[in-house]
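Below is one structure, written out as structure tokens; the observations come after it.
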DNA sequence: GTCTATACTTCGATAGAC
DNA sequence: GTCTATCGAAGTATAGAC
């Protein structure tokens, strides 16, 4: 049985998550991770076959935990609008316990999935799938309008990951450019997004702001 | 005067944009950029003082062009809802001519702005500023409800950058996991987002889907 | 402006003692 | 399980010929 104290493997994984989030895969040196974990560099290779294996372990644990967390939203017998609120709250809660998560996700998307193995890819797919299930339910019972499930997923996940992952750069703006934005309360953002998304998907006569002078909807290129 | 043919400096910048987008700052080797640009590695150091200078040049040119592009939206005397549609269309048009842009932006946000100089930071701030100006106009004339300008900015920019930047990883999902999503038309997404955002900001009685059984709005943690 | 050759550093990874 | 020492590859950058 493992010791009660956090063992070296746990500390390595913890340091790896933070370092990969802050510096990216190539930017994160094994030496740096070792120092942060307070272990010798060789210990990393004792526990993990390679840097790539370490990275994949980090990603799989992360996306497996998130998938579990989100599927719980579907366990309750709630109406779709409530589920949508809970989905957003669940993602936000997950991220607030793991501030490194959105930055890793942003990087993986930018990377194009070139470093992802099949299993990680599969775990990641739970996010759009859970979202799509909620959308489908809402369209069936008539509370949601005819929104595209995948496009709606990006309209929900995009703001969450971008806003919560941008905390460090917003800090830079605040410090070096005298622009506000660093002090915005994450909870205020979640409330905003819930309201924003509910209005975005709700069925009912558009009540579109520009209804009269509706502009050409595509590519006006200004 | 420079030759009519694209000179080496232009080819280097072009190769650098693509390589930084695909591999990130640390992952992008100067050798690789040189090969892609069909120039000798030393040529890069003839035109640019260092890899970092090259990177900053790429970012500044990019965000300066985008800032110009977006400020044009404010030049026309349009009502706020129209401007909002045009803003989304303008960003989308900009990105479709520069597919590398969203990936670079995702990476910089994840990076936390540690590599950004003051000038680049200033250029980047045009995005939330233009958005905020449109929101302010809509709140003044009563067509928009009481939305937070910065939070709304993230609700607009987040989906755009995430969706358009995720084209490569969606391709991975399609190929290796038999999940659809690669074939989604970018124009369909833009139309979706315009409608979604208009509904999100429009003034008027919420018409919220879950109006009756409105759930606790914060952190239900499932 | 362009190229070859190379100096210098950093980084991932391993051997082998304890 | 943990540490020291080190190898070999890759990466940034520069000197100097043409």
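The values are calculated or read from the model by the stated rules, or taken from the named source; none is laboratory data. These numbers were taken from a predicted model, which means no experiment stands behind them. Because the Cβ atoms are built from the backbone with ideal geometry, glycine has one as well, and the counts that use them run over all protein chains shown.
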Of the listed residues (A:68, A:85), the one being out of contact with any helix residue (DSSP H, G or I) (no Cβ under 7 Å at 6 or more places or on another chain) and away from DNA strand D (no atom under 16 Å from the Cβ) is A:68
Right, residue A:113: within 9 Å of another protein chain (Cβ to nearest Cβ), part of a helix (DSSP H, G or I) and within 18 Å of residue B:168 (Cβ to Cβ) or not?
no
Which residues, taken from segment B:165-197, are crowded, with 21+ Cβ neighbours inside 10 Å, more than 7 Å from chain A (Cβ to nearest Cβ) and within 20 Å of residue B:18 (Cβ to Cβ)?
B:170
Enumeration of residues in segment A:123-145 that are surrounded by fewer than 20 Cβ atoms within 10 Å (Cβ to Cβ) and either free of Cβ contacts under 8 Å to residues at least 40 places away in the same chain or not assigned by TED's automatic domain parsing to the domain that holds residue A:66 (or both)
A:125, A:129, A:132, A:136, A:139, A:140
Being more than 16 Å from DNA strand C (Cβ to nearest atom) and within 21 Å of residue A:25 (Cα to Cα) narrows it down to one of A:112, A:138, so name that one.
A:112
Report, ordered by the first and then the second residue, all pairs with beta carbons closer than 6 Å, sequence separation of six or more or different chains, a first member in segment A:10-32 that is within 12 Å of chain B (Cβ to nearest Cβ) and within 24 Å of residue B:106 (Cβ to Cβ), and a second member that is within 15 Å of DNA strand D (Cβ to nearest atom) and assigned to a helix (DSSP H, G or I).
A:24/B:24; A:26/B:26; A:26/B:27; A:27/B:26
Taking segment B:41-65, which residues are out of contact with any helix residue (DSSP H, G or I) (no Cβ under 7 Å at 6 or more places or on another chain), within 14 Å of chain A (Cβ to nearest Cβ) and within 15 Å of DNA strand C (Cβ to nearest atom)?
B:52
Filter segment B:44-59 down to the residues that are assigned to a helix (DSSP H, G or I) and either within 12 Å of residue B:13 (Cα to Cα) or within 21 Å of the chain's Cα centre (by Cα) (or both) and list them by number.
B:44, B:47, B:51, B:53, B:54, B:55, B:56, B:57, B:58, B:59
Please find, among B:206, B:182, the residue that is at pLDDT below 95 and closer than 25 Å to residue A:189 by Cβ.
B:206
From A:68, A:31, residue being within 13 Å of DNA strand C (Cβ to nearest atom) and either part of a helix (DSSP H, G or I) or over 30 Å from residue A:137 (Cβ atoms) (or both):
A:31
Can you name the residue in segment B:1-28 that is part of a loop (DSSP other than H, G, I, E, B) and more than 9 Å from DNA strand C (Cβ to nearest atom) and is also surrounded by the fewest Cβ atoms within 10 Å (Cβ to Cβ) among such residues?
B:1
